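**Student:** Sharing a structure here in C-alpha cells format.
The values are calculated or read from the model by the stated rules, or taken from the named source; none is laboratory data. Bear in mind the structure is a predicted one, so any value in this text is a computation, not a measurement. Every residue, glycine as well, gets a Cβ built from its backbone with ideal geometry; the counts of neighbours run over all protein chains shown.
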Amino acid sequence: MSLLVVGTVAFDEIETPHGKSGRILGGAATYVGLAASHMIRDIRLSAVVGEDFPNEYMRVFKERGIDTSGISVVSGEKTFYWSGRYHDNMNIRDTLLTELNVLAGFKPVLPDAYRNSEYLMLGNLTPAIQRSVIQQMDTRPRLICMDTMNFWMDTAWDDLLDVVSMVDVLAVNEEEARELSGEYSLLLAARKILTMGPEFVIVKRGEHGAMLFSGDEKFCVPAMPLESVADPTGAGDSFAGGFMGYIARCGDTGFESMKNALIYGTVLASFSVEKFGTERLLELSGKDIEERLAEFVKMLSFSF
C-alpha cells in the first residue's frame with residue numbers, strides 16, 4: 001500500500017530544558033514519513049528544499065523506503081528554517097525565528113508515479129496547496145487525512161472549509177477544533193466538524209492523548225506516560241505518521257482499524273519525544289515498537 005505525504009522538509013533548531021539541538025533535520029513531512037516507515041515501505045514525499053539541503057538527509061529518507069523524487073531542490077535558495085525554545089513545562093514554546101525561504105513559493109507538482117497513491121497525508125500547508133494536491137490525483141485515494149492550524153482559520157476560512165469537505169480524516173488539536181466549530185465541548189465540536197464533510201475527526205490533546213470521532217462512535221486514548229520528554233516538536237506529526245502508516249499497512253478504513261491506528265500513532269509519538277529531532281525515530285527497531293505497544297495496551301486493559 002502506498003502513502004503520499006505532502007508537507008514541509010526543513011531545518012529545525014530547538015532549545016528545551018534538556019539542552020539545545022543545533023541545526024537538525026525537521027519538518028512535518030519528515031516526521032510523518034519517518035514514523036510511517038516503521039509500518040510500510042512505499043512512501044512518497046512531496047516537499048521543497050533549498051540548495052543547502054544535505055545529500056546525507058536525502059539518503060536518510062531513501063534508506064527508510066521513502067521516495068524522494070517528489071522533493072524539489074531549488075538552486076540558489078535556502079531550505080525552510082524554524083527555531084524555537086520550550087518552557088520548563090514543555091507545553092509552551094516560543095518561536096525564535098522562522099525563515100520561509102523556498103517554502104514561500106512552494107506549489108507542489110506531483111510526479112506521475114505519485115498520482116495513483118492509495119493513501120494521502122496532507123501536512124499543515126495552505127488550504128489552496130492542499131486542494132491542488134487532491135486535484136492532481138489521477139484516482140481518489142482510499143483515505144485522505146488532513147492537518148491544519150488556527151492561522152488558516154483566521155486567514156483562509158473559505159478555502160479551508162472547501163478542503164475540509166474533500167477529506168476523510170481531519171486532525172486538529174483542542175484549540176483548533178473549538179475555533180473551527182465554534183463549540184467549546186470537544187464532543188459537540190467534533191459533531192459539528194463531521195457535518196463539514198470528513199468521516200472521521202481526530203482531536204490531538206498533547207500530553208493528554210487523543211480522541212477519535214465518527215458518526216455516533218467515539219474512542220479516546222491517553223498519552224503514553226514517560227519519565228522525561230526531551231523534545232516534543234515532532235510529536236503530532238509522528239502521531240500522524242504512525243496513524244497513516246498503520247492504516248496503509250492494514251488496508252482497512254473502518255472504525256475499528258482507526259482505533260488501532262490511533263494507538264499506533266500514540267506509540268510512535270511517544271518515541272519521537274524522547275530525543276531531539278528525528279534521532280529516536282531513526283534508531284527504533286520493530287521490537288522496540290512491539291514492546292511499547294504491548295505495554296500501552298496492557299496499561300489500557302481492565303475488567304470488571
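**Student:** Check residue 144 against each of (1) free of Cβ contacts under 8 Å to residues at least 60 places away in the same chain; (2) hydrophobic (A, V, I, L, M, F, W, C); (3) surrounded by 14 or more Cβ atoms within 10 Å (Cβ to Cβ); (4) out of contact with any Asp or Glu (no Cβ under 6 Å at 6 or more places or on another chain) and name the one condition it does not meet.
**Tutor:** Failing condition for residue 144: (4).
**Student:** Which residue out of 214, 181 is at pLDDT 95 or above, touching a strand residue (DSSP E or B) at 6+ places or on another chain (Cβ under 6 Å) and hydroxyl-bearing (Ser, Thr, Tyr)?
**Tutor:** After ruling out the rest, the residue left standing is 214.
**Student:** In segment 104-163, how many residues are among the polar types (S, T, N, Q), closer than 24 Å to residue 2 by Cα and not in a loop (DSSP other than H, G, I, E, B)?
**Tutor:** Going through segment 104-163 one residue at a time, the tally reaches 4.
**Student:** For the subset of segment 238-282 comprising residues that are basic (Lys, Arg) and under 15 Å from residue 36 (Cα atoms), which member is surrounded by the most Cβ atoms within 10 Å (Cβ to Cβ)?
**Tutor:** This residue is 280.
**Student:** While we're here: If you take the residues of segment 87-103 that are in a strand (DSSP E or B) and more than 19 Å from the chain's Cα centre (by Cα), which of them is surrounded by the most Cβ atoms within 10 Å (Cβ to Cβ)?
**Tutor:** Across segment 87-103, the extreme among qualifying residues is 99.
**Student:** Another one. Which residue is surrounded by the fewest Cβ atoms within 10 Å (Cβ to Cβ), if the candidates are limited to segment 50-86 and must be in contact (Cβ under 8 Å) with a residue 60 or more places away in the chain and of a type in the set (A, V, I, L, M)?
**Tutor:** So the residue we want is 60.
**Student:** Does residue 269 fit the bill of being modelled with pLDDT of 95 or more, of a type in the set (Gly, Ala, Ser) and either farther than 26 Å from residue 4 by Cα or in contact with a strand residue (DSSP E or B) (Cβ under 6 Å, 6 or more places away or on another chain) (or both)?
**Tutor:** The answer is no for residue 269.
**Student:** Residues that are under 22 Å from residue 90 (Cβ atoms): which helices (runs of 4 or more DSSP H) entirely in segment 164-260 hold 2 or more of them?
**Tutor:** 174-181, 235-250
**Student:** Find the residue count for segment 63-86, including only residues that are within 22 Å of residue 228 (Cα to Cα) and either among the hydroxyl-bearing types (Ser, Thr, Tyr) or part of a helix (DSSP H, G or I) (or both).
**Tutor:** 2
**Student:** Could I ask something else about it? Residue 204 is checked against (1) charged (D, E, K, R); (2) in contact with a strand residue (DSSP E or B) (Cβ under 8 Å, 6 or more places away or on another chain); (3) surrounded by fewer than 18 Cβ atoms within 10 Å (Cβ to Cβ); (4) within 26 Å of residue 40 (Cβ to Cβ) and fails just one. What number does that condition carry?
**Tutor:** (3)
**Student:** From the list 185, 214, 228, exactly one residue is small (Gly, Ala, Ser) and within 24 Å of residue 142 (Cα to Cα). Which is it?
**Tutor:** None of the others qualify; the one that does is 214.
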